[in-house]
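Undergrad: Please read through the structure below; I'll follow up with questions.
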Amino acid sequence: MRVESQTEPSDNRITETPLPPLISIIVPHFNRSVLVRETVASVEAQTRGDWELILVDDGSSSEERVALQALAGEKIRILDRTDGEKGPSRCRNLGAKQACGEFLVFLDSDDLLGSICLEQRFEAAQSAPDQDLWVFPTLEFCNHPGDLEKLWGIMRPGSDDAARFAQGDAPWHTSSPLWRRSAFLELGGFNERIFYGDDANLHLRAILTGLRIRQFAEAKPDTFVRRSEELRITNSLDEKLVRSRLVRLEEGTAMLRSVPSGRRFLPIWEGQHFVEAEFLLFHQQPRAPINAVLSLLEKDFTPKPWRRLLVRGYFAFSRLTRDRAFLLLRTARRLVMLNLPSEYFPNRG
């Protein structure tokens, strides 16, 4: 903890008064008290000590809430989300507003900080003090950091990062940046209506509104994202998660149209509706959510009648053949790839 010395005029004794934390780590939590203990331990193991940790509970069960409260301490606060949209976006925004630090790091409740994370990031902020966020590599792991040699996203400084975020090729993760708290709050924080894809929406908005961003692609990865499939809430496709994917598309369209620099990405975003419909198709979703995505595409982008018929016909045919005649489905897909915009097939796969 940083300290400052003060001289008491009465007896000239030196006292040490703790200064406010320099970096605030915000963690949304929902029924993950066992995993979040590991997250807390990774924060407590930092080589830099001037931090605070804010755990924001999103309506966990009473047992989980008791277990979470047991983690509270001098540098660890527990907050409750009691209003607004349920989900990590609201929790992160609440934590950021209550934070005391000059800088922010967002961490998921099953992910970990490397021990050098805060030290490395603060040194980078000192070396480039005119920036609003500083971005670092994030590594995936399964059971412990280092067991997977795979980066979460690949930063390519000089590339069109806005286009990459818009087409689903995110170059960095929620936990990758160190944020200047004032810049995050001025941006408006996370879009609380978005439950899935909220980080991509935030980072795209940061780029389009001109925040100053410095990437440290060659730095040592200092955050670790867990990749155990059964543990991640957003891997599921229950009704709420399917609905959240629609909200992501709606809010993304509104955001791109509201920012002048975002309008050139609307063709990419139109294509993301087709990508989303195919995702639902190949993940065995019923007709209703697929039709909802296609209806949203038609409402927000009004494709020409022939394109609308081609897309609707492709998905009608695909639903009939996906489980019984996959070769026919592949052939149909090749045909529509020749006749639809390239933005509908960003990976050409």
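The values are calculated or read from the model by the stated rules, or taken from the named source; none is laboratory data. The shown structure was predicted, so the numbers you read here are calculated from the model rather than taken from an experiment. No Cβ is skipped: glycine too gets one built from the backbone with ideal geometry, and neighbour counts run over all protein chains shown.
Undergrad: Given (1) under 15 Å from I26 (Cβ atoms); (2) touching a helix residue (DSSP H, G or I) at 6+ places or on another chain (Cβ under 6 Å), identify the lone condition not met by A162.
TA: A162 satisfies all of (1) under 15 Å from I26 (Cβ atoms); (2) touching a helix residue (DSSP H, G or I) at 6+ places or on another chain (Cβ under 6 Å) except (1).
Undergrad: Considering only the range 178-210, state which residues are over 18 Å from V259 (Cα atoms), surrounded by 20 or more Cβ atoms within 10 Å (Cβ to Cβ) and touching a strand residue (DSSP E or B) at 6+ places or on another chain (Cβ under 7 Å).
TA: L178, W179, R180
Undergrad: Confirm whether L104 is within 25 Å of I76 (Cα to Cα) and not β-branched (V, I, T).
TA: yes
Undergrad: Follow-up. E123 is checked against (1) in a helix (DSSP H, G or I); (2) of a type in the set (D, E, K, R); (3) out of contact with any strand residue (DSSP E or B) (no Cβ under 9 Å at 6 or more places or on another chain); (4) surrounded by 15 or more Cβ atoms within 10 Å (Cβ to Cβ) and fails just one. What number does that condition carry?
TA: (4)
Undergrad: Ok, one more. Evaluate the following for D83: is it within 25 Å of H203 (Cα to Cα), in the same structural domain as I25 (by TED's automatic domain parsing) and at pLDDT below 95?
TA: Judged against the criteria, D83 is a match.
Undergrad: Between F274, F282, F265, which is surrounded by fewer than 16 Cβ atoms within 10 Å (Cβ to Cβ) and among the hydrophobic types (A, V, I, L, M, F, W, C)?
TA: F282
Undergrad: Turning to a different aspect of this structure: Before we move on, is E63 more than 20 Å from D50 (Cβ to Cβ), of a type in the set (D, E) and not in a loop (DSSP other than H, G, I, E, B)?
TA: When the stated conditions are applied, E63 passes them.
Undergrad: Could you say which residue among S182, S175 is at pLDDT 95 or above, in a helix (DSSP H, G or I) and outside the structural domain of N291 (by TED's automatic domain parsing)?
TA: S182 is the lone residue from the list that is at pLDDT 95 or above, in a helix (DSSP H, G or I) and outside the structural domain of N291 (by TED's automatic domain parsing).
Undergrad: If you go through the range 146-166, how many residues are buried (at least 20 other Cβ atoms within 10 Å of the Cβ) and assigned to a loop (DSSP other than H, G, I, E, B)?
TA: Number of matching residues: 2.
Undergrad: OK, next. If S109 passes every condition in (1) surrounded by fewer than 17 Cβ atoms within 10 Å (Cβ to Cβ); (2) assigned to a loop (DSSP other than H, G, I, E, B) but one, which one does it miss?
TA: All conditions pass for S109, except number (1).
Undergrad: Taking the range 185-198, which residues are in a loop (DSSP other than H, G, I, E, B), in contact (Cβ under 8 Å) with a residue 40 or more places away in the chain and not charged (D, E, K, R)?
TA: Matches in the range 185-198: G189, F190, N191, I194, F195, Y196, G197.
So that you can scan it fast, the table gives a plain yes or no per residue for (1) more than 15 Å from E38 (Cα to Cα); (2) modelled with pLDDT of 95 or more; (3) out of contact with any helix residue (DSSP H, G or I) (no Cβ under 6 Å at 6 or more places or on another chain):
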{"residue": "I78", "(1), (2), (3)": "yes, yes, no"}
{"residue": "N93", "(1), (2), (3)": "yes, yes, yes"}
{"residue": "G146", "(1), (2), (3)": "yes, no, yes"}
{"residue": "L151", "(1), (2), (3)": "yes, yes, yes"}
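Undergrad: Here is a follow-up. Output yes when any residue across the range 120-132 is within 18 Å of the chain's Cα centre (by Cα) and not aromatic (F, W, Y), and no when none is.
TA: Scanning the range 120-132, I find at least one residue that is within 18 Å of the chain's Cα centre (by Cα) and not aromatic (F, W, Y), so the answer is yes.
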